[in-house]
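Have a look at the structure below before the remarks.
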Amino acid sequence: MAAVVMDGKALAAKIREQVRLQVEQMEHKPGMAMVLVGENPAAQVYEAGKRKDCQQCGIYYETYRLPEDVPQKELLDVISFLNDREGIDGILIQFPLPAHLDGREIQLAIRPDKDVDCVHPSNMGDLTFGVDSFWPCTPAGVMRLLAEYNIDPAGKNCTMVGRSNIVGKPQAMLLLRRDCTVTVCHTKTPDLAAECRRADILISAAGCPGLITADMVKEGAVVIDVAVNRDGQGKLCGDVDYAAVAQKAAYITPVPGGVGPVTRAVLMENTLTAALRHGKG
Ligand code: NAP
């Protein structure tokens with residue numbers, strides 16, 4: 001039987017509407033600022049998406065565009081200005097930054113209570129220690145999708161393909177917190193197929209089109225495809241061989257329309273949370 005398609009667009013719309021309704025009641029609206037360095041076309045698309053999401057939710061939004069060769073000090077000054085601004089509750093820096101900038105110093109400069117994308121080491125540390133500050137948007141979005149389809153990770157085996165700081169590692173932490181047994185794979189994993197076949201929940205964030213084939217998927221597994229790639233024809237796709245895997249899995253996320261929209265919606269929710277923590281209401 002074909003898998004249930006996990007509809008990220010519908011869940012994202014639901015989350016945005018919940019945020020909008022809460023924001024509507026607030027006298028002092030939440031505010032988000034995005035900082036973009038350089039002219040990366042993909043980053044411009046993300047920026048337009050965030051602007052639209054904020055508009056829909058009633059969240060104040062502004063963008064700071066800095067040139068590709070911006071000195072570190074100038075970027076730090078912008079962050080310091082935003083850290084001090086009462087109207088801004090969430091700060092989002094578009095990573096990766098150009099090579100001449102020290103990304104670690106930038107992450108440390110963001111005030112943790114405004115770090116709605118959870119890049120500050122203190123927020124990542126809280127996640128590891130099981131303290132709730134902010135959850136990074138993509139792994140949090142995956143947890144929201146699981147919950148939406150009543151999939152309880154407790155007692156299940158999860159294989160996480162990818163160990164990046166923004167997806168794989170925090171995803172593993174969130175699943176551990178929900179009593180899942182997690183195996184994290186990467187390019188040095190000797191037998192990726194075997195690790196995937198053991199998974200009740202298989203999450204892929206490798207960035208390799210066609211990496212996850214049907215023979216690597218256990219019958220009835222939940223398959224979450226975080227990756228956003230372009231195939232040979234320039235079409236968006238994930239890591240998973242969707243058509244074949246959908247015949248074997250119980251649940252599957254499409255690309256596009258799966259994890260991506262929920263990630264964006266969680267950012268709105270995190271910004272609302274930040275504003276409430278700042279005493280806005
Ligand atoms: P990344 O930093 O490049 O990390 C990729 C990870 O996958 C690495 O740990 C890498 O292993 C592992 N990997 C790559 N090829 C592999 C292979 N053939 N076998 C096993 N492991 C492999 O990427 P990222 O920033 O985490 O993003 C991953 C993907 O998710 C990208 O397609 C990105 O566009 C997408 N993404 C989507 C969202 C969303 O909202 N939907 C958000 C963030 C990212 P090593 O550590 O050994 O190199």
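Per-structure values
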quantity: Scope the range 229-281; condition open to solvent by 20 Å² or more (accessible area, probe 1.4 Å), of a type in the set (A, V, I, L, M, F, W, C) and away from the ligand (no atom under 14 Å from the Cβ); matching residues; calculated: Ala243, Ala244, Ala250, Leu276
quantity: Candidates Ala172, Ala193, filtered to the one that is free of Cβ contacts under 8 Å to residues at least 24 places away in the same chain, touching an Asp or Glu at 6+ places or on another chain (Cβ under 9 Å) and not charged (D, E, K, R); calculated: Ala193
quantity: Residue in the range 210-228 that is touching a residue at least 12 places away in the same chain (Cβ under 8 Å), of a type in the set (Lys, Arg) and either more than 12 Å from the ligand (Cβ to nearest atom) or part of a helix (DSSP H, G or I) (or both) present; calculated: yes
quantity: Odd one out for Ala33 among (1) exposed (fewer than 14 other Cβ atoms within 10 Å of the Cβ); (2) assigned to a strand (DSSP E or B); calculated: (1)
quantity: Any hit, the range 209-224, residues being modelled with pLDDT of 95 or more, surrounded by fewer than 24 Cβ atoms within 10 Å (Cβ to Cβ) and in contact with a Gly (Cβ under 6 Å, 6 or more places away or on another chain); calculated: no
quantity: Test: residue in the range 94-104 that is open to solvent by less than 60 Å² (accessible area, probe 1.4 Å) and more than 23 Å from Gly207 (Cβ to Cβ); calculated: no
quantity: Qualifying position, being more than 13 Å from the ligand (Cβ to nearest atom), under 28 Å from Cys208 (Cβ atoms), of a type in the set (Gly, Ala, Ser) and modelled with pLDDT of 95 or more, among Ala109, Ala154, Ala99; calculated: Ala99
quantity: Number of positions in the range 112-145 that are within 16 Å of the ligand (Cβ to nearest atom) and within 19 Å of Arg163 (Cα to Cα); calculated: 14
quantity: Answer from Ala274, Ala265, Ala199, Ala243 - the residue that is assigned to a loop (DSSP other than H, G, I, E, B) and modelled with pLDDT of 95 or more; calculated: Ala199
quantity: Matching residues in the range 1-29 - criterion: being open to solvent by 10 Å² or more (accessible area, probe 1.4 Å) and farther than 30 Å from Lys248 by Cβ; calculated: Arg16, Glu17, Gln18, Arg20, Leu21, Gln22, Glu24, Gln25, Met26, Glu27, His28, Lys29
quantity: Given (1) open to solvent by less than 30 Å² (accessible area, probe 1.4 Å); (2) at pLDDT 95 or above, number of the condition Glu47 does not satisfy; calculated: (2)
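The values are calculated or read from the model by the stated rules, or taken from the named source; none is laboratory data. This is a predicted model, so every value here is computed, not measured. Virtual Cβ from ideal backbone geometry, glycine too; neighbours counted across all protein chains shown. Heads up: the accessible areas ignore ligands, DNA and RNA and are worked out on the full protein's heavy atoms, side chains in. Shrake-Rupley method; radii C 1.70, N 1.55, O 1.52, S 1.80 Å.
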